[in-house]
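Comments concern the structure below.
The values are calculated or read from the model by the stated rules, or taken from the named source; none is laboratory data. For clarity, every value in this text was computed on a predicted model and none was experimentally measured. All Cβ positions, even for glycine, are placed from backbone atoms using ideal geometry, and neighbour counts span all protein chains on display. Just so you know, the surface numbers come from the protein's heavy atoms only, side chains and all, with ligands and any DNA or RNA stripped out. Shrake-Rupley method; radii C 1.70, N 1.55, O 1.52, S 1.80 Å.
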Amino acid sequence: MTSEETGAAGTEIYGAWGAVLPGEIRAQLAVVGRSDQYAVIYRAGDDEWDTLAYVYDAEAATRTGLLIAKMTKMPEHLRIGASGVETGSDTEHPGVEWVVPTAVVDDPDPIVRITGPGTDRLWALPSTDGEVLGLLNPDGDPRELAEFTSAVAADAFIAMIDALFALSGSRGYTENPGVIG
């Protein structure tokens, strides 16, 4: 990529998406890396880019970008959880998780359509120690992808992923995201 495509010399974009959030707010989400630092960044409207989560390494950045791109294009998905990352913190399944099949299956049974030959999962979950809010890929490698900067940041990520799923793959993913910054 050229610096014009990435917005800054040496910045790599692992995925970038745009969606309209409730209230007609245009938002953008990207997974980026530069100089061995990786992040999920976000902006709503004309605001500056904010870091929502610090991604552990290049492998986790690649996996995060691929999961978001693949999962949000699937025609069916299962969403587990309520509105935010801290919901259900005292349950066996806290936070918000999205589950999609690894392949589209034509079957009248919704469980078969969702689980198909396998699943991809992305899970934003609250802290067990009061400090770390995580982004996990429970069945993948790497399993642990990133740490959110705050509950507000995790909730912004959740709202954006929900908006991308609402697009059902149309316009949700940008192949050439252009300038970030």
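Of a type in the set (V, I, T), open to solvent by 40 Å² or more (accessible area, probe 1.4 Å) and more than 15 Å from P138 (Cβ to Cβ): does that describe I111?
Criteria met by I111.
Would you please list the contacts, defined by Cβ atoms under 8 Å and residues six or more apart or on different chains, that run from a residue in the range 1-23 that is within 16 Å of W49 (Cα to Cα) and open to solvent by 70 Å² or more (accessible area, probe 1.4 Å) to a residue that is of a type in the set (V, I, T) and at pLDDT 90 or above?
Pairs found: E12/V32.
When residues of the range 129-152 are filtered for being touching a residue at least 40 places away in the same chain (Cβ under 8 Å) and either touching a Gly at 6+ places or on another chain (Cβ under 6 Å) or not in a loop (DSSP other than H, G, I, E, B) (or both), how many remain?
Number of matching residues: 8.
Restricting to the range 45-71, name every residue that is in contact with a Leu (Cβ under 7 Å, 6 or more places away or on another chain) and part of a strand (DSSP E or B).
Across the range 45-71, the qualifying residues are A53, V55.
Would you confirm whether or not the range 153-166 contains a residue that is within 16 Å of the chain's Cα centre (by Cα), modelled with pLDDT under 95, surrounded by 13 or more Cβ atoms within 10 Å (Cβ to Cβ) and part of a loop (DSSP other than H, G, I, E, B)?
No, because not a single residue in the range 153-166 is within 16 Å of the chain's Cα centre (by Cα), modelled with pLDDT under 95, surrounded by 13 or more Cβ atoms within 10 Å (Cβ to Cβ) and part of a loop (DSSP other than H, G, I, E, B).
Can you run down the residue pairs with Cβ atoms below 9 Å, 6 or more apart or on separate chains, where the first is in the range 74-96 and closer than 25 Å to P110 by Cα and the partner is modelled with pLDDT under 85 and of a type in the set (V, I, T)?
Qualifying pairs under 9 Å: G81/T87; P94/T87; P94/T128; G95/T87; V96/T87.
Scan the range 121-135 residue by residue and report those that are out of contact with any Ser or Thr (no Cβ under 9 Å at 6 or more places or on another chain), among the hydrophobic types (A, V, I, L, M, F, W, C) and open to solvent by 20 Å² or more (accessible area, probe 1.4 Å).
Hits for the range 121-135 are W123, V132.
Take the conditions under 19 Å from A19 (Cα atoms), small (G, A, S), at pLDDT below 90 and open to solvent by 50 Å² or more (accessible area, probe 1.4 Å) and apply them to S83. Does it pass?
For S83, the condition - under 19 Å from A19 (Cα atoms), small (G, A, S), at pLDDT below 90 and open to solvent by 50 Å² or more (accessible area, probe 1.4 Å) - is met.
Name the single residue, out of those in the range 86-108 being touching a helix residue (DSSP H, G or I) at 6+ places or on another chain (Cβ under 7 Å) and surrounded by 13 or more Cβ atoms within 10 Å (Cβ to Cβ), that is farthest from I161 (Cα to Cα).
Applying the filter and picking the extreme gives V105.
Sort out which residues of the range 110-127 are in a loop (DSSP other than H, G, I, E, B), more than 19 Å from L52 (Cα to Cα) and at pLDDT below 90, and write them in order of number.
Once the filter is applied, which keeps residues that are in a loop (DSSP other than H, G, I, E, B), more than 19 Å from L52 (Cα to Cα) and at pLDDT below 90, the range 110-127 yields G116, P117.
G88 versus (1) within 22 Å of A39 (Cβ to Cβ); (2) of a type in the set (G, A, S); (3) assigned to a loop (DSSP other than H, G, I, E, B): which is the lone unmet condition?
Among (1) within 22 Å of A39 (Cβ to Cβ); (2) of a type in the set (G, A, S); (3) assigned to a loop (DSSP other than H, G, I, E, B), the lone unmet condition for G88 is (1).
Give all pairs with beta carbons closer than 8 Å in which a residue from the range 98-110 that is among the hydroxyl-bearing types (S, T, Y) meets a residue that is in a loop (DSSP other than H, G, I, E, B) and open to solvent by 70 Å² or more (accessible area, probe 1.4 Å); count only pairs at least 6 apart in sequence or on separate chains.
Filtered contacts from the range 98-110: T102/P117.
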